[in-house]
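J.: Following this message is one structure expressed as structure tokens.
Derivation of every value follows stated rules applied to the coordinates shown; laboratory data play no part. All of these numbers come straight from a predicted model, not from anything done at the bench. Reconstructed Cβ throughout: ideal geometry from the backbone, glycine too, with neighbour counts over all protein chains shown.
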Amino acid sequence: MVLEATMICIDNSEWMRNGDYSPSRFQAQADAVNLLCGAKTQSNPENTVGILTMAGKQVRVLTTPTSDLGKILSCMHGLEVGGEMNLSAGIQVAQLALKHRQNKNQQQRIIVFAGSPVQYDKKMLETIGKKLKKNNVSLDIVDFGDDEEGKLEKLDALFAAVNSNESSHIIHIPPGGAAISTALMSTPVFTGDGEGGSGFAAAAAAGGGDFDFGVDPNLDPELALALRVSMEEERARQEAAAKRAADEAARQEKGEPSNSQDATMVGKAAEATNNASEPMDEVNALLQQAIALSMENSGSDPSVHDSEMAEATNEDQDLAMALQISIQEAAKASSSQSDMSKVLEDPSFMPSVLASLPGVDPDDPSVKELLASLQGQSEQSKQKNEDNPPSDGK
Amino acid sequence: MACLHDHSCEDNDCSSNWSLYKHIDLPKVSALNEAVPGSAKSVFKPWEHRLNSSEEHLESNEGDPELLVYIPFTSDVKIKSIAIIGGTDGTSPSKMRAFINRDGIDFSDAQNMQAVQEWDLVENLNGLLEFQTRYAKFQSVASITLHFPDNFGGDTSQIHYIGFKGEATQLKRDVVATIVYELMPNPSDHKTKAESGGGFSQVE
């Protein structure tokens, strides 16, 4: 219940037209801002929030810090996207707006949404950060969009300069996957430094976490049911497959030079499992099994499209890397085709695994391309593959 | 403008003069550019403990010797003089500027505004030096903000003690400040007799 005056700096530059966050970066940002304003005003009735836009001809203050949520939400309408973001001017104007707040007892906070490249150099950003720290202003940076031209280092430098006593935060939200607002809800930006968090944010975060697939059964019961059924089905199949994999692995690992690789991969998967929160546990169990399966994979073309794999999913980077490493390494090793490789290359296996992972859209074109590439290599084995009936994973 | 004592200063004699520290509203003391948040409160202590450097002191951030300390009082006071004990090795502040009865001053305000009074300080490690004020201007001080723009060449500025000499007038400037009001009703604050167990009212 910290008494705070907040200025939110919105990025409305040309880069916000991009659709890598659905429906567009700008809409995702606007949703996040709306939720954030609600959370701030609810956590303490005397909190005030103001909004300004950073891009366009000049930095424009849409509303000075006010506790009237209706006014704040209404000024988010009719915003135009265009121009380039001016981070330095935006932060300085925000600081000025906070300086002239009506209630001097409020703590000062600036929240910056940075979704486009930063033109200023690191030095300048560090000076700005130091000035904020000197005047006791906290800064939260929400970094989304692509990382280009050293944007990440610049924002990290700014954050390091301004952070005093853990009151500032920097959040990176990679494209694809969770929406900006859902990703923010569990961070200290919403919940406030280490407190229990406002009822608003806590309830929303808990609500999102209870549902395994990120889908509210109240909103879409059929989808939730379908996902759950396919997950059960897949898990049953996975367990059977994993048992066979364990037997094969025990035999094959003796001669393989990949023992160290196995250790690192398993280690990484174990780490992923340890770090995961509860709804993710079953996903990571699947992940571990998939990695174990991919260890025995052989005969796949090592020239798999690396770029597609990288793009495929954001949460699936472990899986993608595991597949990549195992494919490259399998080209060196020369073990015979095992049942496991057939299972992996089964055209419906991959979609069903991916569908069961939250945040992955199997209809995503890049995912489809990746699947097509995997399937194309296994056409021979596909014909022989009779004992694994394709299951409907959707 | 400093004055040296012309008598051997025994602690109990002088300490009563420096008793304005009792009237400082300590929870509301704040400082800008301090390295450790909340360390500003530690420099206000009784005269006898002014040399007690084992406790915390106020230190500015690395590489930036500016300090701004906001000191509200619980009642209006008249300030006759101020004593400052700084740190060693050039970390003592070299200049002091005072602003009266203004809150929410930050560094850009402090640099642009005309101070009520400015002093050039010297390194004063035992606190016997006091800096006199233009008493007429310091007659009803509800809060004072001290700005230390520079030091004697150290990397940071350190302040171990700030003392005020003067009198308290028992007048309160801002009576409304301590009222707590409800913006949203809290049911636990409004228990009716029925909820809290009932009972007969008593007339004494």
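J.: What number, in percent, do you get for the relative contact order of segment A:39-168 if the mean sequence gap of Cα pairs under 8 Å and at least 6 apart is divided by its residue count?
T.: 19
J.: Report the Stokes-Einstein translational diffusion coefficient (µm² s⁻¹, integer) for segment B:55-132, Rh taken as the Kirkwood radius over Cα pairs, at 10 °C with viscosity 1.306 mPa s.
T.: For these conditions, the coefficient is 112 µm²/s.
J.: Long-range amide H contacts for B:HIS57: which residues qualify at under 5 Å (H placed 1.01 Å from N, peptide plane, sequence gap of 5 or more or a different chain)?
T.: For B:HIS57, whose amide H was placed from the backbone, there are no distant partners under 5 Å.
J.: Could you work out, residue by residue across A:124-136, how many beta carbons of other chains sit within 10 Å of that residue's beta carbon, and then give the average as an integer?
T.: Mean shielding by partner chains, rounded to a whole number: 3.
J.: What distance in nm lies between label points placed 7 Å from Cα along the C-beta direction at A:LYS71 and A:ASN165?
T.: 3.0
J.: Let's test the formula: R0 of 22 Å, r as the Cβ-Cβ distance of B:GLN111 and B:ARG134. What FRET efficiency results, to the nearest 0.05?
T.: 0.55
J.: Separate question: How much net charge surrounds A:ALA55 when only the other residues with a Cβ under 11 Å from the Cβ of A:ALA55 are counted, with Lys and Arg +1 and Asp and Glu -1?
T.: -2
J.: Follow-up question, since we're still on this one. Is the shape of segment B:39-81 rounded, prolate or oblate, going by the alpha carbon gyration tensor and its root eigenvalues a ≥ b ≥ c, with a/c under 1.5 for rounded and a/b larger than b/c for prolate?
T.: oblate
J.: If amide hydrogens are placed 1.01 Å from N in the peptide plane, which non-local residues have theirs closer than 5 Å to the one on B:TYR161?
T.: B:ILE85
J.: So if each residue of separation counts as 0.36 nm, and I subtract the Cα-Cα distance between B:LYS95 and B:ASP155, what length gain in nm does that give?
T.: 20.0 nm
J.: Continuing with this model, one more query. State the extension gain, in nm to one decimal, for the chain segment bounded by A:GLU14 and A:SER373, taking 0.36 nm per residue of separation less the distance between their alpha-carbons.
T.: 125.8 nm
J.: Measuring from label point to label point, each 7 Å out along Cα→Cβ, what is the B:SER75 to B:ASN52 span in nm?
T.: Going from the B:SER75 label point to the B:ASN52 one covers 2.5 nm.
J.: Here's something else I'd like to know. Ranking request for peptides A:146-155, A:12-21, A:113-122: highest mean number of other beta-carbon atoms within 10 Å first, then the rest in descending order.
T.: A:113-122, A:12-21, A:146-155
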